[in-house]
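Since the structure comes first, as structure tokens, the remarks are kept for the end.
The values are calculated or read from the model by the stated rules, or taken from the named source; none is laboratory data. Keep in mind it's a predicted model, so treat the numbers as computed, not measured. All Cβ positions, even for glycine, are placed from backbone atoms using ideal geometry, and neighbour counts span all protein chains on display.
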Amino acid sequence: MSEPVVESLASESGWQRFRRDRAAVWSGWFLVTITAVCFLSPLIAPYPYMAQDLAHSAEAPSFAHWLGTDLLGRDVLSRLLQGGMISLCVGLIATAVALVVGICYGVLAAEVGGRAEDALMRFVDIVSTLPLTLIVILCTVVFGQNMPMIFLAVGGVSWLTMARIIRNQTRELKASQFVQAAESLGQSRWGIFSRHYLPNLAGTIAVCATLTVPGVMLLEAFVSFLGLGVKAPMTSWGLMIKEGADIMEECPWLLISPSVVFALTLLSLNFLGDGLRDAFDPRSSRK
Amino acid sequence: MAYVLRRLLEMIPVLLIVVAATFFLAHAVPGGPFDKDRPLPAEVKARLEQYYGLDQPLPVQLGNYVVNLAQGDLGPSIKYPGWSVREVIGSRIGVSASLGLVSLLLAVLIGVPVGVLAASRPNSWLDRVPMGFTLVGICVPSFVLGPILALIFSLGLGWLPPCGWGSAIHFVLPACTLGLITAAPLARLTRGSLMEVRSLDYVRTARAKGVPPLRVWFVHALRNALLPVVTYLGPAAAGLVSGSFVIESLFDVPGMGRLFVTAIINRDVMLILGTTVVYAVALLFLNLAADLANAALNPKVARSR
């Protein structure tokens, strides 16, 4: 999913290093496939995801319904694809929100420097120890369970790590000679940000984003699992897992397929993120 | 000592912000605690709101709440008439605290040794197999692991009760689920940190001057390597809190997590605030404890204060 982006940013050797990491490459392909399939689901799903067929409710997997049907006779495969679309959407958009906030906050902290910087970073330290899941749950209840609010609430608590990493990187860049040269030549702060900081931060940002997506998707799944996230008739993987867990004794297939797909997606995202970090992050400490 | 005092003082503004944010969010939740299927008569509702102080302007309510909070009073519960929030939480907190502590203990007792073992023979099967499992542990959310464990050990093998609360045996499944999920990142962190430390000069020096290998490993390397692990315990505790929401509803455990979720569904503003405050205080103290433990392990940190 994020491969094309990285390709254009990265040096040749980093890209070659990445290609040698088989787990990361396979994860990348898996993610591309699952994203494509989920987003094409309105076209390729065998049944409409909300079509009920009570005559065929709670059937085990068969040729007509590859992954079985749920209690209302809805096709599990079609729902899995639609739920995947929602889960991936939350993952991508909420990460984008976290990215924007994290970059702005991190760069700002590094730019102002001094005591203000210390205060800003201490704030991040303190906030990251708070029970943020509670706040996300409250937000989704307050602002209704609509999708944009879920994106914002989930993204709004996921930027802290990002801000920390960006700030450390920016501080190093700020002290580097080429930035000081640009400063002494009279380039504006915005020019330095867009011409020097952003291109140099791009690799870090790509890695950070890939590793934020799984956390964000987990958070959405948590909220949906508690019945406070995505609302019926729409579904998400978290919601499907909850519905499956409720009746796992009678219909285990309702639990198994969403759980497996969800876990595989998170696993791939982690592999991909680790692979990108090893390939593109010079400071990577993994050996 | 001055450091501890400063950290304690620092908690006060943090708590105030948490209270204010939660307060306005909780009051913005559409629907009130007295909205039922059959609407109450207007004057009854007005009397009730007056009794609970809900008729006053929000800033005044917030001020009253903070003043009461400073005296340890969390206010009356709205959905449990005659009970104070303190009593309601008091009746549940033991369950959640014991579950959380046992899970955390389990996570440390599993995670750290597994990490040490993996780092002692890097890239052997002793490293690959457990690290593969930890990756699974990171990606399988608690609400998937929980049902799977229940499926195997209670429905399949019949060894453990699938849900409920009361005796020690009910502890096993929820604590194992939470503990295993938390152990996975701990093991990876321990391994990574040990791998880094053992290539440092002072470890080589210790080995060169003839310190027994096990002593180098446990006394010289591990003490330093555990620093990031101890620091991680704070965020891990926060993870346990959100995990407990799911685990408690999954295994039917009467704890704080379920209390919070029902409080939201019931629009019980006082109870929402109370649980959030208790969680925030608990996490702030856990983080302080982790930082103090860090200082005890690392004289450099202790001196810099």
Residue under evaluation B:W159, criteria (1) over 23 Å from B:D291 (Cα atoms); (2) among the aromatic types (F, W, Y); (3) part of a helix (DSSP H, G or I), criterion not met | (3)
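Looking at this structure, is B:V253 more than 10 Å from every other protein chain (Cβ to nearest Cβ), within 27 Å of B:L109 (Cα to Cα) and in contact (Cβ under 8 Å) with a residue 12 or more places away in the chain?
For B:V253, the condition - more than 10 Å from every other protein chain (Cβ to nearest Cβ), within 27 Å of B:L109 (Cα to Cα) and in contact (Cβ under 8 Å) with a residue 12 or more places away in the chain - is met.
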Would you mind stating whether A:L31 is of a type in the set (A, V, I, L, M), crowded, with 18+ Cβ neighbours inside 10 Å, out of contact with any strand residue (DSSP E or B) (no Cβ under 7 Å at 6 or more places or on another chain) and at pLDDT 80 or above?
-> yes
What do you reckon, is A:M234 out of contact with any strand residue (DSSP E or B) (no Cβ under 7 Å at 6 or more places or on another chain) and either within 10 Å of chain B (Cβ to nearest Cβ) or under 27 Å from B:P185 (Cα atoms) (or both)?
-> no
A:I247, sole failed condition from (1) within 11 Å of chain B (Cβ to nearest Cβ); (2) surrounded by 15 or more Cβ atoms within 10 Å (Cβ to Cβ); (3) among the β-branched types (V, I, T) | (2)
Selection status of B:P130, buried (at least 17 other Cβ atoms within 10 Å of the Cβ), within 11 Å of chain A (Cβ to nearest Cβ) and more than 14 Å from B:V253 (Cβ to Cβ) = no
Report yes if some residue within the range B:44-64 is within 12 Å of chain A (Cβ to nearest Cβ), closer than 29 Å to B:L283 by Cα, surrounded by 13 or more Cβ atoms within 10 Å (Cβ to Cβ) and at pLDDT 75 or above; otherwise report no.
-> no
Flag if B:P212 is away from every other protein chain (no Cβ under 11 Å), in contact with a Phe, Trp or Tyr (Cβ under 7 Å, 6 or more places away or on another chain) and modelled with pLDDT of 80 or more = no
Members of the range A:225-255 that are among the β-branched types (V, I, T) and under 22 Å from the mean Cα position of the chain (by Cα) | A:V230, A:T235, A:I241
Confirm whether A:L138 is at pLDDT below 80 and of a type outside the set (G, A, S).
-> no
Is it the case that A:Q169 is within 24 Å of A:I126 (Cα to Cα) and polar (S, T, N, Q)?
-> yes
Filter the range B:152-204 for residues that are out of contact with any Gly (no Cβ under 6 Å at 6 or more places or on another chain), under 28 Å from B:R128 (Cβ atoms) and among the hydroxyl-bearing types (S, T, Y); the one that is surrounded by the most Cβ atoms within 10 Å (Cβ to Cβ) is B:T182
Go through the range A:205-257 and count every residue that is over 20 Å from A:P148 (Cβ atoms), assigned to a loop (DSSP other than H, G, I, E, B) and free of Cβ contacts under 8 Å to residues at least 60 places away in the same chain.
-> 2
Can you pull out the helices (runs of 4 or more DSSP H) entirely within the range A:104-197 that have at least 1 residues that are within 14 Å of chain B (Cβ to nearest Cβ) and of a type outside the set (G, A, S)?
-> A:114-127, A:132-142, A:147-156, A:160-175
Exactly one condition in (1) crowded, with 19+ Cβ neighbours inside 10 Å; (2) within 12 Å of chain B (Cβ to nearest Cβ); (3) of a type in the set (A, V, I, L, M, F, W, C); (4) in a helix (DSSP H, G or I) is not met by A:A279; state its number.
-> (2)
Give the residue that is nearest to A:A24 (Cα to Cα), with candidates limited to residues of the range B:137-153 that are facing chain A (nearest Cβ under 10 Å), more than 21 Å from the chain's Cα centre (by Cα) and free of Cβ contacts under 8 Å to residues at least 60 places away in the same chain.
-> B:I148
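Which of the residues belonging to the range B:154-191 are free of Cβ contacts under 8 Å to residues at least 60 places away in the same chain and either closer than 19 Å to A:I241 by Cα or within 11 Å of chain A (Cβ to nearest Cβ) (or both)?
B:S154, B:L155, B:G156
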What do you reckon, is B:A236 part of a helix (DSSP H, G or I), under 16 Å from the mean Cα position of the chain (by Cα), facing chain A (nearest Cβ under 7 Å) and at pLDDT 80 or above?
-> no
Per the list (1) buried (at least 20 other Cβ atoms within 10 Å of the Cβ); (2) within 11 Å of another protein chain (Cβ to nearest Cβ); (3) farther than 20 Å from B:S249 by Cα, residue check on A:L228 breaks on (3)
